[in-house]
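Data block below; observations after.
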2 protein chains.
Amino acid sequence: MKEGPDIARIGTLIGDPARANMLTALMGGQALTATELAQAAGVTLQTASSHLSKLEDGGLISQRKQGRHRYFTLADGAAGTLLENIMGFAASRGHLRHQPGPKDPALRKARICYDHLAGDYGVRMLDSFVSRGVIRTDGENLMVTEQGRVDIGQIGIDVAPLVSSRRPLCKSCLDWSERRSHLAGTLGKALLSHFLEKGWARRSSESRAVLFTPEGERKFLSLFPLERPSPEP
Amino acid sequence: MKEGPDIARIGTLIGDPARANMLTALMGGQALTATELAQAAGVTLQTASSHLSKLEDGGLISQRKQGRHRYFTLADGAAGTLLENIMGFAASRGHLRHQPGPKDPALRKARICYDHLAGDYGVRMLDSFVSRGVIRTDGENLMVTEQGRVDIGQIGIDVAPLVSSRRPLCKSCLDWSERRSHLAGTLGKALLSHFLEKGWARRSSESRAVLFTPEGERKFLSLFPLERPSPEP
DNA sequence: AATATGCTTCGGTTAGGATCGAAGTATGAA
DNA sequence: TTCATACTTCGATCCTAACCGAAGCATATT
């Protein structure tokens, strides 16, 4: 058995708890310094440094020097997607780190999944799109309808420039807290950016939670109404 | 950092070379005994037994007792998809176990990817579908067109019963040897089954390679013509 | 220049887990 | 009943890799 890709290497990289914590922290989408990642992982700076170089060699993260800091991010969207997949699978098998679901209710409600919105609000957004015919689905694949482009335009997002050849426009991503799908892809990213730019919400400094202002929450809920419970896309 | 799914557990399971070899062997889609998996992994039966119980506890595989044998398979489609994803990611970072690509040319040409066809032939099949308008794509998602249902029906496969709510009809799956996508999903599975049933090809007993007969190869190539190189879906 | 901060490298320790031999259990065959 | 096959469990060994203290390097501040 010496054929094929070396999945064991990727597995080993993700399999260490300290490295897994670092990667989870980087799923927040923001660049973090080695010191911050050491804290997130609960190890000293020396240990973290060793882990970070291994993750970089493995192609999971990349770094950018800036002054005397080194900022680390996930290498690219593929790395984020991979981690999302593994999280979804782990959650589907009940492998949670502290009993059922996150303790933090804010995290259950809305959090960042690499570059898009996850949690209750993320799921609601996709449900709303599907029930209103903005997005159509056939089992797993998602497509924005003609009418959907108009509706999304009214939110203030132009769909056209989001269609790139590298990344899909919309993609479903299994939500580990809701056990449902939420919206990923360039559209999912654009929507989250839009909420943050408009000041409807901000990222928590400590976790991946996304905190909505009262007004932002009101606007979000009216933009994404739930007519009736829709089937899992 | 104690939130969320335990990705480290999944990583650790996949991260051991012996276990990774077992999982790779099970990607062939056939149920294998503990002894066979021990051979595939290159360890003794005692060691294999320990690994197998860990993989089962982790929800990656399941077993079925039959007489004095125990047959192991991947737990479900989700487990297969997860491994496919990791393989694709590992290949995209150049993490191959023995230099560029598989040594075995048969494996490069056609092999089983859990339950569908991969390799040169798998990629060609999807390319042909896309260039002929049988399948339409928007970045990542794949959809069978109206005309496509007819065309696939002429091959001898009825699309209607393949549409299940649990698994998508068609899905793209990154091919680690070709670095292109091939066709997965229930349609991909049905096509492979069809080739095997018709006797156009058979599975190799030693590896995941799919061996076409001369006649099967002729039919395959005429069924899936390549008009001109099509862009990566 | 001198000092502080951020990070890496080196060296030695330690713990977890992969490994296998040997013995034990279950199923089937003679 | 006896023997053989398939697999699991136990116990001991051994090795890797995670870990941190100490020292070193680089960049910024004074």
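Laboratory data are not the source of any read-out in this text; all were calculated from the coordinates shown. Computed from a prediction, not measured in an experiment: that's the story for all the values here. Cβ: placed from backbone, ideal geometry, glycine included. Neighbour counts: every protein chain shown.
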Computed magnitude of the charge dipole of chain A (debye, nearest 20; Cβ of K, R +1, Cβ of D, E -1): 440
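Order these by the 10 Å Cβ neighbour count, fewest first: A:His116, A:His51, B:His194.
Neighbour counts put them in this order, fewest first: B:His194, A:His51, A:His116.
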Which listed pairs, of A:Lys171/A:Lys198; B:Lys65/B:Lys109; A:Lys54/B:Lys189, have C-alpha distances above 31 Å, in listed order: B:Lys65/B:Lys109; A:Lys54/B:Lys189
Relative exposure of A:Tyr71, B:Tyr114, judged by other C-beta atoms within 10 Å (fewest first): A:Tyr71, B:Tyr114
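Which whole-number percent is the relative contact order of chain B (Cα, under 8 Å, 6+ apart)?
For chain B, the relative contact order is 18 percent.
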Average other protein chain Cβ within 10 Å of Cβ, residues A:18-28: 3
Exposure proxy order (Cβ contacts within 10 Å, fewest to most) of B:Lys171, A:Lys189, B:Lys65: B:Lys65, A:Lys189, B:Lys171
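What percent do you get for the relative contact order of region B:133-195 when only Cα pairs under 8 Å and 6+ apart count?
Working: 73 pairs, mean separation 15.1, N = 63.
Answer for region B:133-195 is 24 percent.
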Whole-number percent relative contact order across region B:7-75, with pairs defined as alpha carbons under 8 Å at least 6 apart: 33
Cβ neighbours within 10 Å from other chains - mean over B:79-86: 5
Compactness of region B:102-223, expressed as Rg and Dmax over alpha-carbon positions, Å: 13.6, 40
Equivalent ellipsoid dimensions for chain A as semi-axes, Å, which come from the Cα gyration tensor, largest first: 31, 20, 18
Translational diffusion of the protein assembly as shown, µm² s⁻¹ [Kirkwood Rh, Cα pairs; Stokes-Einstein; 20 °C; 1.002 mPa s]: 92
Per-pair calculated FRET efficiency, R0 = 30 Å: B:Ser193 and B:Glu215 via Cβ, rounded to 0.05: 0.95
Length gained when the stretch A:Thr33-A:Ile155 is fully extended (0.36 nm per residue, less Cα-Cα span): 40.4 nm
Rounded to 10°, Cα long-axis angle of helix B:120-131 versus longest principal axis of chain B: 40
Between region A:59-137 and region A:202-220, the Cα center-to-center distance that results, in Å: 15
